[in-house]
Amino acid sequence: AGFGAWDELGGPQATRALPVPAGLAGFVSELRKDLEPAAEYVEKALVGFRRHLEEASGLPALLGGSGSGYAVFPDDVRRADQLAERLREELDARVFAGATVRTGVRIAPYLPC
């Protein structure tokens, strides 16, 4: 539905741009999601959820994938687990903390929702 709406809306470009987290600064100048306007047009509840997430986290949120979730980027990745736990309770939603790694894969314990 999001991709069809994107076509119907004329292939809109995202009007919201987020600051780039320090770890990505060398790769991109800003974070945008062009599918976000169409996804939020199709599913109006996404706008309210995004705003609630932004208020609860104190951080701007960006749509992930084609509308399957939102991401926030805390400045201190060491506090990401604490933020995820707090948001999980406050939003009553599935919330996961993640971080990029330079090499290999690290498996962390599964946190139930």
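Quick look at the numbers
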quantity: Wholly within the stretch 28-94, helices (runs of 4 or more DSSP H) carrying at least 3 residues that are over 16 Å from R16 (Cα atoms) and open to solvent by 80 Å² or more (accessible area, probe 1.4 Å); calculated: 80-91
quantity: Total residues in the stretch 86-103, condition touching a residue at least 12 places away in the same chain (Cβ under 8 Å) and charged (D, E, K, R); calculated: 4
quantity: All positions within the stretch 7-25 that are open to solvent by 80 Å² or more (accessible area, probe 1.4 Å) and not in a helix (DSSP H, G or I); calculated: Q13, T15, P19
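Residues checked against (1) at pLDDT 90 or above; (2) in contact with a Gly (Cβ under 7 Å, 6 or more places away or on another chain); (3) not hydrophobic (A, V, I, L, M, F, W, C):
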{"residue": "A25", "(1), (2), (3)": "no, no, no"}
{"residue": "L31", "(1), (2), (3)": "no, no, no"}
{"residue": "E40", "(1), (2), (3)": "no, no, yes"}
{"residue": "Y70", "(1), (2), (3)": "yes, yes, yes"}
{"residue": "T100", "(1), (2), (3)": "no, yes, yes"}
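The values are calculated or read from the model by the stated rules, or taken from the named source; none is laboratory data. Nothing here was measured: the structure is a model prediction, and the numbers come from that model. Reconstructed Cβ throughout: ideal geometry from the backbone, glycine too, with neighbour counts over all protein chains shown. Each accessible area value is taken on the protein alone, full model and side chains, heavy atoms only, with ligands, DNA and RNA left out. Shrake-Rupley method; radii C 1.70, N 1.55, O 1.52, S 1.80 Å.
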